[in-house]
């Protein structure tokens, strides 16, 4: 037990050192307070200016726990890339079993506990405290959030470990995919990394299974059955934002200076690659959910596609080529969350009500227009 706790402590120190170096210590310390402030303010604004139920807000909080768990476990995808030094300075202590006399199973257990402590303190506890202060009836959903975080982490570790063993490189190469040279390169960066395209689908597949199970077998989720395809499409569209983060993991702007390619071209082509990949991910899963659960397919596709594009455009505009770093900047993160939740929370709430479908089409249209405006504005700024 003493060795286990010591290992967890070392991992926590390394996680904090890595994040502090990457994001600057003061900004990292401010993040829990910013998250708490935005959560409290967001709940109050939604309750005051919309008809979204407590369940709608609680569902959003619960889903945040699941996504946080999946994201915190995604490090496992990088194990082969770390050993090949593809990630440069971004290596992780969990991979020290290659060089230290430590059992891999013990490292995985320590990794799990480290994530539990680190991400609970940095993300989940601020959300839980702020939500309960805003409305005590949300307390039960903070418990669901914590449970889904643990479940998401377990699923992420398991599926990521399996996915990294599968090689699919022989099917696609530079010559048999379409696009500009840069777009092909960015696509192949993900395709040739550990887990390949499977890592893009893993979290979505897990979400599809959990959502389908919850909507059908969990009594408290009866609201989801009002229009299950629509609420699923909203959550699915949000989840595609991780694709943009993966696209900006394997290179930096400086890598292209000798080719005389400017930042605007890199930024534009990465966003084009994101639009293609998000379409490849979102459309098939919405179709699959439609075949299982039924619903309004065209509205589901419109919602999933527009939300995916809108969240990607926000990331593109506020974070550029550094989404993992810029989203810890308090100012950028606050702007991103405000603009995201203007649409997400009301739409998720309306998806559990029997309201006119025009509301969703109007929301989709507005998101497409705003997203396009942000995309064009960012290209002019670079």
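The values are calculated or read from the model by the stated rules, or taken from the named source; none is laboratory data. Bear in mind that the values here come from a model prediction, so they are computed numbers and not experimental data. Because the Cβ atoms are built from the backbone with ideal geometry, glycine has one as well, and the counts that use them run over all protein chains shown.
Per-structure values
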quantity: Residue selected from the stretch 344-356 under the condition assigned to a loop (DSSP other than H, G, I, E, B) and in contact with a helix residue (DSSP H, G or I) (Cβ under 6 Å, 6 or more places away or on another chain), by the criterion surrounded by the most Cβ atoms within 10 Å (Cβ to Cβ); calculated: 351
quantity: Helices (runs of 4 or more DSSP H) contained in the stretch 161-274 and holding at least 1 residues at pLDDT 80 or above; calculated: 181-192, 228-239, 241-247
